[in-house]
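All remarks here apply to the structure that follows.
The values are calculated or read from the model by the stated rules, or taken from the named source; none is laboratory data. Source: prediction; values computed, not measured. Neighbour counts are summed over all protein chains in view; Cβ atoms, including those assigned to glycine, are modelled from backbone coordinates with ideal geometry. With ligands, DNA and RNA removed, areas are computed over all heavy atoms of the protein, side chains included. Shrake-Rupley method; radii C 1.70, N 1.55, O 1.52, S 1.80 Å.
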Amino acid sequence: MHPDFAANYTFSELGPVPGVPGPLGGCVILQNDRDHLLIAGASERSNGALYRIKLRRNACGHIIGYDGSATKVADTPYIDANILELPGGSLLYTGWQVWQLSQLKLGASTPLWTVDLTRYGQVGSSAGGIGRVPPWLTAAGEFRIVGWPDGRWHKLGLSVDAGVYGVTQVTDTGAMQLSGGPGGFAYVPLGSVQFTKPSIILSEWSASEVSVIEVDQQGNPVAGTRRRMFSRFPRPWGAYFEPETGDFLFLTWARPGLRDSVFIVQGFQKPPPVIE
């Protein structure tokens, strides 16, 4: 961890996820089921799938390990760096390198739909990361996607009808292209120490670093504001703030000579709940 953050944040390794094949992908903990982790296995592969494993927490609620082995809950081909929980019991995720976006209804074994984002205006690299603009920004509720490896930042337009989402348009925002090979991002919870301005945290796979970058009121990255949080980290991937404690979860993706593993950073505020 970079010395600038070491006084206020701590990190630890949870380890490889039993029963989940690598490479690991994005993860999420549901608002109404905080005892289980959903995590992608065989990320970016045609046999990509979503797995569920029980978690162990300490008396303060922080995740300290796994309980048992994971079970597969759904086939999600090419699933990648971020998984978003949506109101009404669904997940949204990208598929790399096939320029895809999918919606999965909780409890279903296959996606409700999968679309080709290039048909709606996405340009450049296939999107790996996806996030939703938080409620304290002007563009609250909108979606953003970032491509790997080019780091192009797009606005993802979605409609919703009775819990079923649909893509309306994908627009290149013209914001700074994120360097370092972005492999997932998340908006930093408001009020977190050392974050006086709205920011994202970004796993930079190609650079083997984890950085934080300020965003504007549209939730788009601002040039010249990058700070390193981890100045050396082997092939980081994914980015997720869990709802119980605000701890930040990320992972390794195809780390040379070692199984992929989940890491956790403590010290952040809790993220806002998932609401419409």
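With 10 Å bins beginning at zero, the pair-distance distribution over Cα atoms of region 158-255 amounts to 15, 40, 34, 11, 1 %.
So what is the accessible area of region 103-237 per residue, in Å², with the probe set to 1.4 Å? Walk me through the numbers on the way to the answer.
On the way: 5430 Å² over 135 residues.
Ligands and nucleic acids excluded, the figure is 40 Å² per residue.
Projected onto their three principal axes, the Cα atoms of the chain cover extents of 44, 43, 37 Å, largest first.
With contacts defined as alpha carbon pairs under 8 Å and 6 or more residues apart, what's the relative contact order of region 126-276 in percent? Rounded, it is 18 percent for region 126-276.
How much space per residue, in cubic angstrom, does the convex hull of the C-alpha atoms of region 1-46 take up?
Numbers: hull volume 6.1 nm³, N = 46.
Convex hull volume per residue, Cα atoms: 134 Å³.
Highest mobility in the GNM of the chain, judged by mean-square fluctuation with C-alpha springs under 10 Å and restricted to 149, 135, 111, is found for 135.
With Cα atoms as the point set, the radius of gyration and Dmax of region 205-276 evaluate to 14.0, 43 Å.
When both region 150-215 and region 15-47 are represented by their alpha-carbon centers, they are found 20 Å apart.
So which of 54/197; 155/270; 72/197; 54/155 end up more than 30 Å apart by C-alpha?
Values: 54/197 35 Å; 155/270 25 Å; 72/197 39 Å; 54/155 34 Å.
Exceeds cut-off: 54/197; 72/197; 54/155.
Which whole-number percent of Cα pairs in region 144-191 have a distance greater than 13 Å? So the portion of pairs separated by more than 13 Å is 64 percent. Simple rule: put +1 on each Lys or Arg Cβ and -1 on each Asp or Glu Cβ in region 99-236, find the dipole, and look at 181, 230, 203; the Cα lying farthest toward the positive end is 230.
Counting only protein heavy atoms and using a 1.4 Å probe, what share of the accessible area of region 184-239 belongs to carbon plus sulfur, as a whole percent? Don't skip to the end; give the middle numbers.
Working: 1050 of 2150 Å².
C and S atoms contribute 49 percent here.
Percent relative contact order of the chain, based on C-alpha pairs within less than 8 angstrom and at least six residues apart?
On the way: 800 pairs, mean separation 49.8, N = 276.
Answer for the chain is 18 percent.
Highest-first packing order for the peptide set 22-34, 250-262 is 22-34, 250-262, based on the mean count of other beta carbon atoms within 10 Å. Quick note on region 63-201: its Rg to Rh ratio, both from C-alpha atoms and Rh being the Kirkwood radius, is 0.97.
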